[in-house]
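Presented below is the structure to which this report refers.
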Amino acid sequence: MSINIRPITVNDKARWLELFKEYIIFYKSKLSDEQLELTWQRIHSDFNINGLLAEKDGEVVGLAHYIFRPSTWEVEDFCYLEDLYVDPKVRGGGVGRALIRELEKIATQAGSKRLYWTTAPDNEVARKLYDKVAITDRVQYKIFLNK
């Protein structure tokens, strides 16, 4: 069972949308159709949102969205993994790890000194993987504006 990681293309919209909606539901959130379309358009523009898809045995089963952001601590941008989602039917089979490893290569080639992300404290399945491939040394705080 081979895993192939590749950039999202315009032909991937239907499957990307299925996976991204599942991801949003997983986090008990909602996005408008307009926001979903805006995200799709941003991935395919110069907006600085990038996307990867994971294929396992020829079927798209995972996605990752990432951005490069300037840092006050380094000359080169940091890489932020904003979204990572793997179809529940194939979790535990290396897809999430393959997406992270590919993004690690992309960030390294771009000169980034940091690849980072967050997840919900109760996302135990993902955290088992994240604890194997990365360290956590920060606590995130949020203020939700314009509620």
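Considering only DSSP beta bridges whose two residues both sit in the chain, what percent are antiparallel, to the nearest 5?
Antiparallel: roughly 90 percent of the beta bridges in the chain.
Pick out, in residue order, every one of the GluC sites (Glu not before Pro) in the stretch 44-78 that is DSSP loop and has at most 13 other C-beta atoms within 10 Å; say none if there are none.
E74
Is there a pair in K21/K142; K30/K142; K105/K128; K56/K142 whose C-alpha atoms are over 30 Å apart, and which pairs would that be?
On the way: K21/K142 23 Å; K30/K142 18 Å; K105/K128 21 Å; K56/K142 36 Å.
Over 30 Å apart, Cα to Cα: K56/K142.
Using the Cα gyration tensor of the stretch 81-147, with a ≥ b ≥ c the square roots of its eigenvalues, what is the shape: rounded (a/c below 1.5), prolate (a/b larger than b/c) or oblate (neither)?
Oblate shape, in that a/c is at least 1.5 and b/c is the bigger or equal ratio.
Sort T118, T9 so that the residue with the fewest other Cβ atoms within 10 Å of its own Cβ comes first and the one with the most comes last.
T9, T118
With runs of 4+ DSSP H residues as the only contributors, calculate the mean residue ellipticity of the chain at 222 nm using -39,500 (n - 2.57) per run, divided by the residue total and rounded to the nearest 500.
Mean residue ellipticity at 222 nm (helix-derived): -10500 deg cm²/dmol.
Based only on other Cβ atoms within 10 Å, what is the fewest-to-most ordering of L99, L19, L38? Walk me through the intermediate numbers first.
On the way: L99 23, L19 20, L38 14.
Going from sparsest to densest Cβ surroundings: L38, L19, L99.
For the residues W73, W16, what sequence is obtained by ranking on other C-beta atoms within 10 Å, fewest first?
Listing W73, W16 from fewest to most nearby Cβ atoms yields W73, W16.
Can you tell me, using C-alpha contacts under 8 Å and at least 6 residues apart, the relative contact order of the chain as a whole percent?
Dividing the mean separation by the residue count of the chain yields 20 percent.
A short reminder: the numbers here are calculations on the coordinates, not readings from a lab. Note that the structure is a prediction, hence the values are computed from the model and not measured. In this analysis, Cβ positions are derived from the backbone assuming ideal geometry, glycine residues included, and neighbour counts consider all displayed protein chains.
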